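Read through the structure below, which is laid out as structure tokens, and then see the notes.
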Amino acid sequence: MATQARGGKPLNILLVRVSSLGDVLHNLPMVADIARHFPDANIDWVVEEGFVSLVRLNPRVRTIIPFALRRWRKSLGKPETRAEIKAFFRTLRAQEYDYVFDTQGLLKTGVIMGAARVVKGGRKVGMANGSEGSGYEGISRIFHNLSVPTDPRTHAVARGRIVAGAALGYPVDTPADFGLAPLADDTPRPDWMPSAYTVFFHGTARDAKKWAPEHWIALGRALAPMTILLPWGSPKEKAEAEHLAASLPNARLLPKLSMADAVLLARRADLVIGVDTGLTHIAAAFVRPTVEIYADSPRWKTEGNWSQRIINLGDTGTPPTVEQVLDAARTLLAGT
């Protein structure tokens, strides 16, 4: 295994993982793995602009290249949008890389990989196949010169780690390390954040993945007098949170949070209970005491399996009971 690029220079490596929140988060352990085996490597990352603040929490990422397709597609005819797109590709191509990794496997991420420049003999590496139920697009393989196969039931965190390990020649044999910088002791608390709290991440885009409102209410009452914070990300989720707050005297409805504040909410919580959604997984990545609830998604795919401070309950079609979640919450609180 070469530890440096040709000429004794540190490796320049580009990661392409643009979205969504959970997928970007689950790609972070690639950075720690690469840095462990190549301490001098320069690691850059292309990511959707809305998730830049998340990637920035990993100090081993040198340069973050924001990608704004979600916003650009709404105004492709405007000169300023076309100028932004040109500037993006100019930034992307400013550096020659020894390795470019696309661990999302979509046409759009393949195009980004295709546009990136590599040194002579450099490798563009991607996935030879997707996992069960993923949005993998086989056409993305035309942009690779190395396609790494993985088992269709490979955990979301393990996929990127396996792809990088195969290309760079090291084993993937350690627990996932998200490389997230610790919170400074003097970091101020926003006005809406109490000194101690539990957070219920109850909202998610797909209704089938949600836990029944009556379950959240019964759980919240059993956890009283603990303060419960209820975040939301859409008008529908706000209405759901308002319903829960009306039935829980110890619950507070939060204002609409930025991505950075939502991450801060997760990383400072005394206890997190949430459905299979990005913010729940962020709490698990920070190794906060976390109960992950699976109701209509496969647990093997995203469960937090790197710490005993994370308890995963339920599975596709078999959500956990209130009693199971309450027992898990009390176990975690006793341990802290």
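Here are the numbers for this structure:
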item	result
Residue within the range 224-235 that is in contact (Cβ under 8 Å) with a residue 12 or more places away in the chain, open to solvent by 20 Å² or more (accessible area, probe 1.4 Å), closer than 25 Å to GLY22 by Cα and outside any loop (DSSP other than H, G, I, E, B) present	no
Where GLY278 falls short, out of the listed (1) within 21 Å of PRO175 (Cβ to Cβ); (2) touching a strand residue (DSSP E or B) at 6+ places or on another chain (Cβ under 6 Å)	(2)
Filtered residues of the range 149-198 (kept if in contact (Cβ under 8 Å) with a residue 12 or more places away in the chain, loosely packed, with under 12 Cβ neighbours inside 10 Å and under 18 Å from THR290 (Cα atoms))	PRO175, ALA196
Some residue of the range 238-260 being in contact (Cβ under 8 Å) with a residue 60 or more places away in the chain and under 15 Å from the mean Cα position of the chain (by Cα)	yes
Residue in the range 125-147 that is touching a residue at least 60 places away in the same chain (Cβ under 8 Å), over 19 Å from VAL18 (Cβ atoms) and open to solvent by less than 50 Å² (accessible area, probe 1.4 Å) present	no
Top-ranked residue in the range 143-194 [being of a type in the set (Val, Ile, Thr) and either assigned to a loop (DSSP other than H, G, I, E, B) or in contact with a Pro (Cβ under 8 Å, 6 or more places away or on another chain) (or both); ranked as farthest from ASN312 (Cα to Cα)]	THR187
Top-ranked residue of the range 1-18 - restricted to ones that are at pLDDT 95 or above and not in a loop (DSSP other than H, G, I, E, B), ranked as nearest to PRO29 (Cα to Cα)	LEU15
Residue in the range 247-258 that is in contact with a Lys or Arg (Cβ under 9 Å, 6 or more places away or on another chain), open to solvent by 10 Å² or more (accessible area, probe 1.4 Å) and within 24 Å of LEU25 (Cα to Cα) present	yes
Any hit, the range 205-220, residues being outside any strand (DSSP E or B), of a type in the set (Asp, Glu) and within 25 Å of ASP151 (Cβ to Cβ)	no
Checklist (1) open to solvent by less than 60 Å² (accessible area, probe 1.4 Å); (2) within 17 Å of the chain's Cα centre (by Cα) applied to TRP216, failing item	(2)
Leading residue by the ranking (surrounded by the fewest Cβ atoms within 10 Å (Cβ to Cβ)) among those in the range 80-124 that are β-branched (Val, Ile, Thr) and within 15 Å of ALA167 (Cβ to Cβ)	VAL119
So ALA262, is it surrounded by 14 or more Cβ atoms within 10 Å (Cβ to Cβ), of a type in the set (A, V, I, L, M, F, W, C) and closer than 25 Å to PRO29 by Cβ	yes
Members of the range 70-87 found to be of a type in the set (A, V, I, L, M, F, W, C), part of a helix (DSSP H, G or I) and either at pLDDT below 95 or farther than 20 Å from ASP23 by Cβ (or both), listed by number	ALA83, ILE85, ALA87
Scan of the range 93-138 for residues that are β-branched (Val, Ile, Thr) and under 24 Å from the mean Cα position of the chain (by Cα), ordered by number	VAL100, THR103, THR109, VAL111, ILE112, VAL125
The range 65-77 residues that are among the aliphatic types (A, V, I, L, M) and open to solvent by 30 Å² or more (accessible area, probe 1.4 Å), paired with ones that are modelled with pLDDT of 95 or more and part of a loop (DSSP other than H, G, I, E, B) (beta carbon under 8 Å, 6 or more apart)	LEU69/VAL18
Residue match in the range 295-304 (condition: open to solvent by 60 Å² or more (accessible area, probe 1.4 Å) and at pLDDT 95 or above)	yes
Residue count, the range 129-188 (criterion: within 16 Å of LEU107 (Cα to Cα) and of a type in the set (Asp, Glu))	1
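The values are calculated or read from the model by the stated rules, or taken from the named source; none is laboratory data. Bear in mind that the values here come from a model prediction, so they are computed numbers and not experimental data. Positions of Cβ are backbone-derived with ideal geometry, glycine not excepted, and every protein chain shown enters the neighbour counts. Please note that ligands, DNA and RNA were not included when accessible areas were found on the heavy atoms of the full protein model with its side chains. Shrake-Rupley method; radii C 1.70, N 1.55, O 1.52, S 1.80 Å.
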